[in-house]
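Here's the structure we're looking at; comments come further down.
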Amino acid sequence: ADLKFLRLSASLNTNLVREIESRDIYGSNVQHQYVFTHLTMSYPTLYNTIKNNRFLHRYLKPLADYYANLSGYRQLGLRYDDIIIEENSTVQEALRRLSPQETDLRNIRIRNAYQLSLTHKILPKEKWTKPEEDVRFLTPIIEQVAFEEAERESFEAIKVVRKAS
């Protein structure tokens, strides 16, 4: 009887490589089939295309900065990752992994933003979050946690099927 099983191994760039092996009892007749599955986003994105193209990046970057300033979170002293919704278990795990210093700074920024929102004020322009300061500190951790959860889920879904001959 042939024993078929599915083994999933993760690569570094958040793609999963599924390696399907077929073996008989004695370990001969090994066949490999590789299937690539992308895990990160379920919708198409042009981020890498724009970032790698100097022409597009030069003309769209000011538009992106203008849109970020219109959103208003920088006027309250927040960073982009401060406004990510925390009700997701993935985000909660990423917040747990965040360093204590970064967690304290994040809580202070959010507390100050709530206070400004309650008083219907914004910070003076010199205290706004500058685009250089608006770095993603939580997003890489969220992506790592999401990758680990997907990898764990894929390993738990492995089925061993015995083929009767």
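Quick one: grab the alpha carbon gyration tensor of the stretch 61-121, order the square roots of its eigenvalues as a ≥ b ≥ c, and give me rounded if a/c is under 1.5, else prolate or oblate depending on whether a/b is larger than b/c.
Note, shape of the stretch 61-121 comes out oblate.
Residue by residue through the stretch 87-92, what is 3J(HN,Hα) from phi via Karplus (6.51 cos²θ - 1.76 cosθ + 1.60, θ = phi - 60°)? Round to whole Hz and write x for glycine and proline.
Result, ordered by residue: 7, 8, 5, 5, 5, 5 Hz.
Are there any GluC sites (Glu not before Pro) in the stretch 49-106 that are in a DSSP loop and have at most 16 other Cβ atoms within 10 Å? List them by number.
Listed in order of number, the matching sites are E86, E87.
So how far, in whole Å, is the C-alpha centre of the stretch 110-157 from the one of the stretch 42-85?
Using only Cα atoms, the two centres lie 13 Å from each other.
In whole Hz, with x marking every Gly and Pro, tabulate ³J(HN,Hα) for the stretch 142-150 from phi via Karplus 6.51 cos²θ - 1.76 cosθ + 1.60, θ = phi - 60°.
4, 5, 5, 5, 4, 5, 5, 5, 5
Pull out a ≥ b ≥ c, the square roots of the eigenvalues of the alpha-carbon gyration tensor of the stretch 103-148, then state rounded if a/c is under 1.5, prolate if not and a/b is larger than b/c, and oblate in the remaining case.
Prolate is the answer for the stretch 103-148, as a/c is 1.5 or above and a/b outweighs b/c.
Using the Cα gyration tensor of the stretch 52-155, with a ≥ b ≥ c the square roots of its eigenvalues, what is the shape: rounded (a/c below 1.5), prolate (a/b larger than b/c) or oblate (neither)?
oblate
Less than 23 Å apart at the alpha-carbon level, and either on another chain or at least 8 residues along: which lysines does that give for K61?
K51, K125, K127, K130
Under 16 Å between alpha carbons, and skipping anything fewer than 8 positions from K163 in its own chain: which lysines qualify?
Cross-link targets: K4.
Throughout, read-outs are computed from the coordinates displayed, never taken from laboratory work. Only a predicted model underlies this, so the values are computations on that prediction, with no experimental measurement involved. So basically every Cβ, Gly included, is an ideal-geometry build from the backbone, and we count neighbours across all protein chains shown.
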